[in-house]
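Taking it in order: structure first as structure tokens, then the write-up.
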Amino acid sequence: MATLRLGRSGRWLPGLLLVSPSIVAIGVFVYGLIAWNTRVAVSGSHDEVTPYGFDKGRNFVDLWSDPSWPPAVRHALLFTVVFVGGALLLGAFLAFLMEKGIRAEAGFRAVYLFPMAISFIASGVVWRWLMNPAPPERAVGLNQLFDRIGLGALANDWWQNPSWGMAAMAVPAIWQMTGYVMALYLAGFRGVPDDLREAARVDGASEWQVYRYVVFPQLRPVTLSALIILGHISLKVFDLIMAIAGKQIITYVPAIATYVEVFDRHDPANGATIATYLLLAVALLVIPYLVWSVRAERDR
């Protein structure tokens, strides 16, 4: 009997011991810190010395009366729409060109993927120079380039525009993540069996119809995955905006607001509240994707 029990435990015990450090680390540094952040968010600790209490969730309501919070939410939504939409469309287009076959494909893939290897801080420093908002006579970067080639009308104030500044802020993010989206879509294109394409062509489908009715429907899981990845990046973007614009109200987003509340205003409760809102926003993207993935695995 003892030998039988040892044999059964020998099947799962080595694996459990192997992954137990990761389980402990995730439990402490992910879910443990989420629990601690939630505790601070529902507390009345609006300074660094007040003991933690319980404010019945008033922080989540009172935050909307802060004049800087609603604009931060609008900025985040505008950034998300432009960044996610731009990266998806441009990445899919580049992948389509690659899939149709071009010379030096390996070189182009490396060029498109290289920006992803750069941190948002490093690319933000460069793009701050490129998107310098000075007028053409004092401009550098893109405004100067437009002036030199006779397209001075295209010069603008970029991220300092009160209405569309966050749309311009999404341009560096699109440049940095488009190669990754291209790689996802290229793998999706290459994963569609040639037999399906040939069968559609034998049935009289044109090349556009092959892509519309055969290839593109097969790319829905790729699109969903890219949407989830880009969406959660855009919702919690911090380093890119800090490198380009700093803590300016024109480019104020929830992640910047968290930093300001905790380190500038010394209000941990409000900072934790904003962080909780960000967590909920990311969960709205990730949880449906996980449910869909589980159901798709069960249906197979």
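The values are calculated or read from the model by the stated rules, or taken from the named source; none is laboratory data. Since we're looking at a predicted model, the values are computed, not measured. Here the Cβ is made from the backbone with ideal geometry for all residues, glycine too, and neighbour counts use every protein chain on show. Note: accessible area is taken over every heavy atom of the protein model, side chains too, but ligands, DNA and RNA are not part of it. Shrake-Rupley method; radii C 1.70, N 1.55, O 1.52, S 1.80 Å.
Counting pairwise Cα distances across region 198-300, what percent come out greater than 23 angstrom? Distances greater than 23 Å cover 52 percent of the Cα pairs. Inter-label distance, residue 190 to residue 265: 4.9 nm, where each label sits 7 Å from its Cα along the C-beta direction. Reducing region 186-224 and region 37-90 to their Cα centroids gives an inter-centroid distance of 42 Å.
Summing Lys, Arg as +1 and Asp, Glu as -1, what charge do residues with Cβ under 14 Å from the Cβ of residue 164 carry, residue 164 excluded?
Once positives and negatives cancel, what remains is 0.
The accessible-area ordering, largest first, of the residues 206, 163 stands as 163, 206, per a 1.4 angstrom probe.
Viscosity 0.692 mPa s, temperature 37 °C: give me the Stokes-Einstein translational D for the chain in µm²/s, with Rh taken as the Kirkwood radius over C-alpha pairs. Kindly include the intermediate steps, with their values, before the conclusion.
Working: Rh = 23.0 Å.
This corresponds to a translational diffusion coefficient of 143 µm²/s.
Looking at region 1-104, which trypsin sites (Lys or Arg not before Pro) are in a loop (DSSP not H, G, I, E or B) and have at most 12 other Cβ atoms within 10 Å?
On the way: sites: 5, 8, 11, 39, 56, 58, 74, 100, 103; in loops: 56, 103.
Within region 1-104, the qualifying trypsin sites (Lys or Arg not before Pro) (loop, at most 12 other Cβ atoms within 10 Å) are 56, 103.
Counting charges near residue 122 (Lys, Arg +1; Asp, Glu -1) among other residues having Cβ under 14 Å from its Cβ returns a value of 0.
Please work out how much length the chain gains when fully extended from residue 37 to residue 208, using 0.36 nm per residue of separation minus the C-alpha to C-alpha distance, in nm with one decimal. Each step should come with its number before you reach the end.
On the way: separation 171, 0.36 × 171 = 61.56 nm, distance 5.11 nm.
Value of the extension gain: 56.5 nm.
Ignoring any ligand, DNA or RNA, what whole percent of the accessible area of the chain comes from carbon and sulfur when the probe is 1.4 angstrom? Carbon with sulfur: 67 percent of the solvent-accessible area.
A straight Cα-to-Cα reach below 19 Å connects residue 236 with the lysines 247, residues fewer than 8 places away in its own chain not being considered. Computed with the Debye formula from one identical point scatterer per Cα of region 14-79, without solvent, the log10 of I(q)/I(0) at q = 0.12, 0.24 Å⁻¹ comes to -0.55, -1.01. The fraction of all Cα pairs in region 126-182 landing in successive 5 Å bins from 0 to the largest distance is 4, 21, 25, 22, 17, 8, 3, 0, given as whole percents. Electrostatic bookkeeping for residue 50 treats Lys and Arg as +1 and Asp and Glu as -1; over the other residues with beta carbon under 15 Å from its beta carbon, the sum is -2.
Evaluated at 37 °C with a viscosity of 0.692 mPa s, what Stokes-Einstein diffusion coefficient in µm²/s does region 62-162 have when Rh comes from the Kirkwood expression over alpha-carbon pairs? Estimated diffusion coefficient is 195 µm²/s.
Here's the picture: charge each Lys and Arg Cβ at +1 and each Asp and Glu Cβ at -1 in region 30-173, and of 76, 95, 160 the one pushed furthest to the positive end of that dipole is 95.
For Cα pairs less than 8 Å apart in space and 6+ apart in sequence, what is the mean separation divided by the residue count of the chain, i.e. the relative contact order in percent?
Details: 336 pairs, mean separation 80.3, N = 300.
Taking the mean separation of contacting Cα pairs over the length of the chain, I get 27 percent.
Region 251-300 and region 93-114 have Cα centres separated by 34 Å. I'd like to know which of 31, 292, 230 lies farthest towards the positive end of the charge dipole of the chain, counting +1 on Cβ of Lys and Arg and -1 on Cβ of Asp and Glu. The listed residue farthest towards the positive side: 292.
The convex hull of the Cα atoms of region 117-263, projected and averaged over all directions, covers 12.3 nm².
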